[in-house]
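J.: Input: one structure, supplied below.
The values are calculated or read from the model by the stated rules, or taken from the named source; none is laboratory data. Everything numeric here is computed off the predicted structure, so don't read it as measured data. We place every Cβ from the backbone using ideal geometry, glycine too, and count neighbours over all the protein chains shown. When the accessible area is computed, the model is the full protein with side chains, heavy atoms only, and any ligands, DNA or RNA have been set aside. Shrake-Rupley method; radii C 1.70, N 1.55, O 1.52, S 1.80 Å.
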Amino acid sequence: MRYAKRGPLRFTSHRDFARAIERAILRAGVPIAYSQGFTPHPKISYASAAPTGVASEAEYLELGLRERIEPDQLVKALDAALSPGLDVLEAVEATAPGSLADRITASHWRMELPGVGDDQLADAVAAFVAQSEILVERMTKQGRRTFDTRDAVVHIEAVRSQTRPPGVVETAPCAILDLVVRQVTPSVRPDDVLSGLRVVADLEPSTPHTLRSARATRLAQGTLTPQGEIVDPLDADRDPVAIGER
């Protein structure tokens with residue numbers, strides 16, 4: 001199943017979303033299957049969930065059901081039971097071997113950077129691309145880690161103002177970064193790439209805004225092809241006509 005995190009709901013943590021989807025399943029009467037043992041859990045598996053504060057049009061999960069249900073019926077039932085902004089977009093019946101997580105090797109991101117000009121970002125991207133290694137630090141569950149953010153970046157581009165998405169004020173400095181990142185361990189997040197741009201080009205906003213106000217949206221995730229394209233992980237199960245798409 002593919003779902004989206006939009007608007008203020010992008011601040012929903014993964015744990016909160018997991019609770020919300022479980023409550024929605026109960027309200028919608030979805031025949032969810034449960035694990036065996038003394039503490040049964042609903043059979044729900046999440047694939048590469050986006051960080052808290054990040055919007056996404058391409059989040060994925062798998063549900064195990066006790067009985068077959070039409071995918072479009074499942075989409076309508078769960079979407080109606082979830083808050084606006086947590087939107088179920090599509091479901092398909094799993095037919096291909098392997099898990100959904102195994103089909104996700106890269107993500108496509110768009111980042112809006114308030115207070116950063118187009119030329120400023122273009123220069124920073126050029127400096128980033130010219131490097132063979134860019135080390136950044138981030139606190140993880142295992143403690144502070146140092147890793148190479150350059151190696152994970154497959155594509156990075158500063159998008160000019162005339163191709164800016166709707167809703168971005170043209171008169172305010174707000175550069176747009178287009179980014180494709182491979183799944184690596186530890187994972188490289190969009191804010192890690194901003195840290196890399198700061199390392200190589202001292203990228204800072206020219207207005208009182210800070211880079212903490214940068215807004216990231218995941219546009220797609222899936223299998224990265226040798227040509228640099230991202231294949232939707234549901235394609236392996238999808239009929240010629242997408243099921244439940246709207």
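J.: Percent antiparallel among DSSP beta bridges with both residues in the chain, to the nearest 5?
T.: 95
J.: Can you give the FRET efficiency for Phe11 and Ile44, using 1/(1 + (r/R0)^6), R0 = 22 Å, r = Cβ-Cβ distance, to the nearest 0.05?
T.: 0.55
J.: Under the 0.36 nm per residue contour assumption, what length would be gained going from the current alpha-carbon distance of Ser35 and Ala122 to full extension?
T.: 26.3 nm
J.: Using alpha-carbon pairs under 8 Å, 6+ residues apart, how would you state the relative contact order of region 1-111 in percent?
T.: 39
J.: Could you give the accessible area per residue of region 1-103, probe 1.4 Å, as a whole number in Å²?
T.: 53
J.: State, as an integer percentage, the relative contact order of the chain based on alpha-carbon contacts under 8 Å between residues 6 or more apart.
T.: 26
J.: Ok, one more. Quick one: if you stick a label point 7 Å off each Cα along the C-beta vector at Glu204 and Glu229, how many nm between them?
T.: 4.3
J.: Give the range of the longest stretch in the chain that excludes all GluC sites (Glu not before Pro) found in loop regions by DSSP and having at most 12 other beta-carbon atoms within 10 Å.
T.: So the longest stretch without any such site is 171-246.
J.: Enumerate by residue number the chymotrypsin sites (Phe, Trp or Tyr not before Pro) in region 1-68 meeting two conditions: DSSP loop (anything except H, G, I, E, B), and at most 13 other Cβ atoms within 10 Å of the site's Cβ.
T.: Qualifying residues, ordered by number: Phe38.
J.: Please arrange Lys5, Lys141 by accessible surface area, largest first, computed with a 1.4 Å probe and ligands excluded.
T.: From most exposed to least exposed: Lys141, Lys5.
J.: Please give the per residue volume of the convex hull enclosing the alpha carbon atoms of region 20-129, rounded to a whole number of Å³.
T.: Here the figure is 164 Å³ per residue.
J.: Measuring from centroid to centroid over Cα atoms, what is the spacing of region 1-67 and region 95-152 in Å?
T.: Spelled out, the Cα-based centre of one part sits 25 Å from the other.
J.: Which net charge results when you count Lys and Arg as +1 and Asp and Glu as -1 among the other residues whose beta-carbon is under 12 Å from that of Ala80?
T.: 0
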